[in-house]
1. Scanning for something part of a loop (DSSP other than H, G, I, E, B) and either surrounded by fewer than 17 Cβ atoms within 10 Å (Cβ to Cβ) or under 13 Å from the mean Cα position of the chain (by Cα) (or both), does the range 179-186 turn up at least one residue?
2. Within the group Ala132, Ala107, which residue is within 15 Å of Gln170 (Cα to Cα), surrounded by 15 or more Cβ atoms within 10 Å (Cβ to Cβ) and either out of contact with any helix residue (DSSP H, G or I) (no Cβ under 9 Å at 6 or more places or on another chain) or touching a residue at least 24 places away in the same chain (Cβ under 8 Å) (or both)?
3. Out of Ile144, Ile101, Ile135, Ile82, I need the residue that is touching a Cys at 6+ places or on another chain (Cβ under 9 Å) and either under 30 Å from Asn192 (Cβ atoms) or in a helix (DSSP H, G or I) (or both). Which one?
4. In the range 119-132, what count of residues is obtained for those that are part of a strand (DSSP E or B) and not aromatic (Phe, Trp, Tyr)?
5. Among the residues that make up the range 156-164, is at least one of them outside any helix (DSSP H, G or I), open to solvent by 90 Å² or more (accessible area, probe 1.4 Å) and without any contact (Cβ under 8 Å) to a residue 60 or more places away in the chain?
6. Of everything in the range 40-54, what is aliphatic (A, V, I, L, M), at pLDDT 70 or above and over 12 Å from Leu178 (Cα atoms)? Give them in sequence order.
Amino acid sequence: MKKKESEDKADLLMQELSKAERRRILRSIRASQKEAEALEAAREEEKQRIRFMKEAIRQAYKAEALGEVPIGCVIVKDGKIIGRGYNRRNTDHTTLAHAEISAIKKACRVTGDWRLEDCDLYVTLEPCPMCAGAILQSRMKRVILGCYNPKAGCAGSILNVLQMKEFNHQVEIVDGVLEEECSHMLKEYFRNLRLRLRMERKNSTPEE
């Protein structure tokens, strides 16, 4: 009953206002609704990015289980993962066994095309020159980064191969998705590696 009375009062108030005032109020209401919808869409997009980056991190831990540098990657099309990859460079004895290259190969097999124009690539560490070139050549739509690679990254750290205007294609970059988790994973790996190498050197040194 109270709700009906409130609605009636609102209707009467609108009738008393001039046309210009009514239009202004309605525009303001519509703008607020659009803003709320845009905010909700942004929240949903962020949730999706976190979900897929977590899968890339799971791939990275597969690399770590093999004794490799933990780098993982997934490729997403229409909200579904169509390619997964993780670093296997030492395991497969080839320079080409990077996470991104492996994921691109699998995604191309799924789509039946070398072009991945409507796809997003999630990777825990900024791509190297080779992988950035492959991403560009595949016409990838977007790359989502976990953390940057100041020593070899080519999505902004050393170079930004993905967005060079001289090429006929540029890739959108989204950074900082689960950055702390991706960075911590790498730091822990290299810390443990240094400890292990130190122990090995110590154990291999003959006692005097």
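1. Step one: filter the range 179-186 for residues part of a loop (DSSP other than H, G, I, E, B), giving none.
The answer is no; no qualifying residue exists.
2. Numbers: Ala107 fails: within 15 Å of Gln170 (Cα to Cα).
Only one candidate qualifies: Ala132.
3. Working: Ile144 fails: touching a Cys at 6+ places or on another chain (Cβ under 9 Å); Ile135 fails: touching a Cys at 6+ places or on another chain (Cβ under 9 Å); Ile82 fails: either under 30 Å from Asn192 (Cβ atoms) or in a helix (DSSP H, G or I) (or both).
Exactly one residue qualifies, and that residue is Ile101.
4. Kept after step one, since they are part of a strand (DSSP E or B), are these residues of the range 119-132: 119-125.
Narrowing further to those that are not aromatic (Phe, Trp, Tyr): 119-121, 123-125.
Residues flagged as part of a strand (DSSP E or B) and not aromatic (Phe, Trp, Tyr) within the range 119-132 amount to 6.
5. Taking the range 156-164 and keeping what is outside any helix (DSSP H, G or I), we get 156-160, 164.
Cutting the leftovers down to open to solvent by 90 Å² or more (accessible area, probe 1.4 Å) gives us 158-159.
Retained after the next criterion (residues that are without any contact (Cβ under 8 Å) to a residue 60 or more places away in the chain): 158-159.
The answer is yes; a qualifying residue exists.
6. Of the residues in the range 40-54, the ones aliphatic (A, V, I, L, M) are 41-42, 50, 53.
Narrowing the set further to residues that are at pLDDT 70 or above leaves 42, 50, 53.
Correct list: Ala42 only.
The values are calculated or read from the model by the stated rules, or taken from the named source; none is laboratory data. Since the model is a prediction, treat every value here as computed from it, not as a measurement. Cβ: placed from backbone, ideal geometry, glycine included. Neighbour counts: every protein chain shown. Heavy atoms of the whole protein, side chains included, go into the accessibility calculation; ligands, DNA and RNA do not. Shrake-Rupley method; radii C 1.70, N 1.55, O 1.52, S 1.80 Å.
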